[in-house]
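Readers should treat all values here as calculations from the given coordinates under stated rules, not as data from a laboratory. Note that the coordinates shown come from a computational prediction; the quantities given were computed from them, not determined experimentally. Every residue, glycine as well, gets a Cβ built from its backbone with ideal geometry; the counts of neighbours run over all protein chains shown.
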Amino acid sequence: MKPALLLRATGISVVAVLGLAACGSDNNGTSPTASGGSPSASSSSSCAAGSVTGQGSTFQANIEKQWISQFTGQCSGAQLTYTGTGSGAGIKQFGSGTIDYAGSDATMKPDEQAAADKRCGNAALHIPVTAGGVAIIYNVKNVSSLNLSAATLAGIFDGSIKTWDAAQIKADNPGATLPSTPIKTYHRSDGSGTTKVFTGFLNADAPSEWKLGSDKSITWPSGLGANGSSGVVQGVKSTDGGITYAEVSYAKQDNLPTAKVKGAQGDFTDISSSTVSQSIDSGFSITGTGSDLAGKLDYTKMTGYPISTVSYVIVCSHYSDAAKGALIKAFLTYAVGAGQQQADALGFAPLPAGLVTRAQTTISSL
């Protein structure tokens, strides 16, 4: 891999919130709303005291921040910390036993699963907690609307399409005025589930054009690298002609446009809660056995926004520290329950009802 560009943004998001209010037991908390109300943790889970640490996916970092704030605000004595360092780092640290749970946008490889199982002393489980789209975020002067097909994105990110007025981009945007500005791609230099999702989409929907494979880390032939979603988005924000892939909330907070994307199904589609949910319904299936809810994404079947994914937490089936296990169980019960109501306002999508039911069953077994 070529040396990563060093950016001021670290790409690491840390969330640490202490529970200051007593956990309500009279069910008088505010009901959760999709518009971002303040749901009561006690409306969907019991409280537990103690301290747990999580690390991993920067994709889910923003919704983790909201969940932790809401949950600990209702539960006295609960302390949770989540650091967005990338899915690869989260999986590695979980396997080494330095954190209590990991966030990941990709399922573990066999060697990673073996390390996690050994650390736990029992089976480590994947539990879907949220869904979202990987947005194509760009910064091109005087271009506020953009269509990009899977084949065109493959050419942009492998470096074969070099300017914004290239024939392939013009074909996706008939009648649009496009500048001759050089394209400058930004990719994740850390091990990233978001990279796995994005390259998985290219691998599936543009197989003739994309020859670089799909993984949390790949060897990029061109472009600039940065750590974390915030790192690549900050690179784009400061660069005319810049383009990257990241969770849509990073585009919203930096006031950057996102492209409509065309995959194997349908037409150019914008990223939204409803189009992501549509794609998860049509393209995600569980492949794990028993309580493990690891799954696979079939991008060729996605009928909504075509770069959509679920994001997991990785936990132990049983924790030797009973207090940590109880707190993780209570927190995840909230996240997959009332916490789902926070998704839309933050640029995520609620999990489909059937997947929520499966996740709640696994959480209850912890």
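The residues packed around residue 178, meaning those with a beta-carbon under 12 Å from its beta-carbon, carry a net charge of 0 if Lys and Arg are +1 and Asp and Glu are -1.
Fewest neighbouring Cβ atoms within 10 Å first, the residues 137, 286, 183 line up as 286, 183, 137. Within the straight-line cut-off of under 16 Å between alpha carbons, the aspartates and glutamates reachable from residue 92 are 100, 105, 111, 112, 117, 190, 215, sequence neighbours fewer than 8 places apart in one chain being disregarded.
Both radii come from the Cα set of the range 57-126: Rg as radius of gyration, Rh as Kirkwood radius; their ratio Rg/Rh reads 1.02.
With axes computed from alpha carbons, what is the tilt in degrees of helix 193-205 against the longest principal axis of the chain, rounded to the nearest 10 within 0 to 90? For 193-205 against the chain, the angle is about 50 degrees.
Among the listed pairs 141/162; 196/262; 65/184, a Cα-Cα separation exceeding 28 Å is found for 65/184. Sorting 188, 358, 119 by the number of Cβ atoms found within 10 Å of their own Cβ, with the fewest placed first, yields 119, 358, 188. A straight Cα-to-Cα reach below 14 Å connects residue 301 with the aspartates and glutamates 205, 267, 281, residues fewer than 8 places away in its own chain not being considered. From the residues 114, 138, 248, which one has its Cα farthest along the dipole of the chain in the positive direction, the dipole being from +1 and -1 charges on Cβ of Lys/Arg and Asp/Glu about the Cα centre? The listed residue farthest towards the positive side: 138.
Rounded to the nearest 20 debye, the dipole magnitude of the chain is 500 debye, with +1 charges on Lys and Arg beta carbons, -1 on Asp and Glu beta carbons, and the Cα centre as origin. Could you work out how far the C-alpha centroid of the range 97-116 sits from that of the range 272-287, in angstrom? Cα centroid of the range 97-116 versus Cα centroid of the range 272-287: 23 Å apart.
Taking the charge dipole of the range 222-366 about its Cα centre, with +1 at Lys and Arg Cβ atoms and -1 at Asp and Glu Cβ atoms, the residue from 323, 340, 309 reaching farthest to the positive side is 323.
Under the rule a/c < 1.5 gives rounded, and otherwise a/b versus b/c splits prolate from oblate, where does the range 134-276 land using the Cα gyration tensor? Note, shape of the range 134-276 comes out rounded. As I understand it, the value is the acute angle between the Cα axis of helix 353-364 and the longest principal axis of the Cα atoms of the chain; what does it come to in degrees, rounded to 10? Relative to the chain, helix 353-364 is tipped by roughly 40 degrees. Computed over the chain, the convex hull of the alpha-carbon atoms projects to a mean area of 16.8 nm². As a proxy for reagent exposure, ranking 302, 108 by other Cβ atoms within 10 Å from fewest up yields 108, 302. How far is helix 273-283 tilted, in degrees, relative to the longest principal axis of the Cα atoms in the chain, given as a value from 0 to 90 rounded to the nearest 10? Between the helix axis and the principal axis of the chain, the angle is about 90 degrees.
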